[in-house]
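Working notes, beginning with the structure itself.
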Amino acid sequence: MKEYARYEIEVSGESGPIMNAGAEKYNELVYDTFGYLDNCEEELFFFTLTAFTNDGKKVVLCNVNDVAGPISKKNLMNILVSFSMFSTTENSTLFDGVISKCGNSYVLKVTEQCRQMGLDIGDRVRVKMERINTIDSKDNIRKLFYRKDTKKLDKSRIYVDQPDFLDKFLNDYRIKGVVSLKGIKFDRMMDSVIDHEFAVRTEEGNVILVTIPYNEVGKEAYAQAFADTHGLNYDYINEYSWYHRGETKLIIFWLNGVNLKKSINA
């Protein structure tokens, strides 16, 4: 593909525009678009891919409109990659990531970066890793524990078949409401310990993530891996189990350094 001074993309769902992005390098545009699509709940898309020459001339590279589309997320990604195959690939990239765990292996997701650089199986790369813990870290899950908005708890939206135990938990941990999980993306393959989840806030303002996985995926190694990945504490509180008691584990996660207070009558 011919080199241009700038690239832009406009992506729309069936309900209207959802994303606009631009970059001087095509691979950067692809990377940003893939990052957005990974977290987008839309299934079908229209899009226009545009390039600009050094003198400002506009060139439409691809236009999937209401005549040609909509197309699936996978096909949109494939089209963008097909253009990058004919452009100059980057020899290096810098990105932030989160170490996760799958079985007994530690995992760092690098799929987007490999795609951006045009890497294939067997290609040799040099990897440098350094620990980061910045306020703007892209750890999406950790953001949950800093949310301020709290709403009244609706028990009908919680998996519960023994409500007395749920009431005891709400009382003992002095829960005043729920915190939305909207926009918090769990990796269902890696984060197998997360199931039937919801988040609550205590009277002191601390956020607790509650999860109720079945016994086979509620193992402590998985809970520990999830907690370590996101800088959290965890605890098993099975005595409160209110859903499929005996068949599930009741686990809570909260921020490191936070002291959860329970009712003196607990």
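The values are calculated or read from the model by the stated rules, or taken from the named source; none is laboratory data. Computed from a predicted structure; not experimentally measured. Heads up, the Cβs are rebuilt from the backbone with ideal geometry, glycines too, and the neighbour counts pull from every protein chain shown. For the accessible areas, the whole protein counts, side chains as well, though only heavy atoms, and no ligand, DNA or RNA atoms are used. Shrake-Rupley method; radii C 1.70, N 1.55, O 1.52, S 1.80 Å.
Values as computed for the structure displayed
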| quantity | calculated |
| --- | --- |
| Between helix 26-38 and the chain: long-axis angle, C-alpha atoms, 0 to 90°, nearest 10 | 30 degrees |
| Whole-number percent relative contact order across the chain, with pairs defined as alpha carbons under 8 Å at least 6 apart | 14 percent |
| All lysines inside 28 Å of residue 58 as judged from Cα atoms, apart from same-chain residues fewer than 8 positions distant | 2, 25, 73, 74 |
| Spatially proximal aspartates and glutamates relative to residue 168 (Cα-Cα < 20 Å; intrachain offsets below 8 disregarded) | 154, 197, 203, 204, 235, 239, 247 |
| Residue-normalised accessible area of the chain, given per residue in Å² at a 1.4 Å probe | 61 Å² |
| Anisotropy class of segment 1-42 from Cα gyration tensor, a/c 1.5 cut | prolate |
| J(HN,Hα) series, segment 142-159, from Karplus relation 6.51 cos²θ - 1.76 cosθ + 1.60, nearest Hz, glycine and proline x | 4, 4, 3, 7, 10, 6, 9, 5, 10, 10, 4, 6, 10, 5, 5, 9, 10, 6 |
| Over segment 207-257, relative contact order from alpha-carbon pairs under 8 Å, at least 6 apart, % | 51 percent |
| Square roots of 5 times each gyration tensor eigenvalue, C-alpha, segment 98-248, largest first, Å | 33, 18, 13 |
| Qualifying trypsin sites (Lys or Arg not before Pro) in segment 5-59, DSSP loop, other Cβ atoms within 10 Å at most 11 | 57 |
| Principal-axis tilt of helix 220-230 within the chain, Cα atoms, nearest 10 degrees | 50 degrees |
| The chain: radius of gyration over Cα atoms, expressed as a fraction of 2.2 N^0.38 Å | 1.24 |
| Value of relative contact order over segment 190-231, rounded to a whole percent, pairs C-alpha under 8 Å and six or more apart | 41 percent |
| Distance violations [Cα-Cα > 29 Å] among 57/182; 101/249; 101/176; 109/152; 109/151 | 57/182; 101/176; 109/152; 109/151 |
| Sum of side-chain charges, residue 70 neighbourhood, beta-carbon under 12 Å (Lys, Arg +1; Asp, Glu -1) | -3 |
| Net charge dipole size for segment 144-266 [Lys, Arg +1 and Asp, Glu -1 on Cβ; Debye, nearest 20] | 560 debye |
| Fraction of accessible area attributable to carbon and sulfur, the chain (%, probe 1.4 Å) | 48 percent |
| Backbone HN-Hα couplings from phi across segment 124-130 [Karplus 6.51/-1.76/1.60, Hz, Gly and Pro as x] | 9, 9, 9, 10, 10, 10, 9 |
| For segment 152-214, the spread of Cα positions along each principal axis, largest first, Å | 33, 26, 18 |
| Dipole moment magnitude, nearest 20 debye, the chain about Cα centre, only Lys, Arg, Asp, Glu C-beta charged | 480 debye |
| Cα lying deepest toward the dipole's positive end in the chain, options 35, 265, 202, charges on Cβ | 265 |
| For segment 169-266, convex hull volume per residue from C-alpha positions, Å³ | 100 Å³ |
| Which of 241, 180 is most accessible, then next, and so on - probe 1.4 Å | 180, 241 |
| Segment 140-224: trypsin sites (Lys or Arg not before Pro) falling in loop per DSSP and having at most 15 other Cβ within 10 Å | 148, 152, 182, 185, 188, 219 |
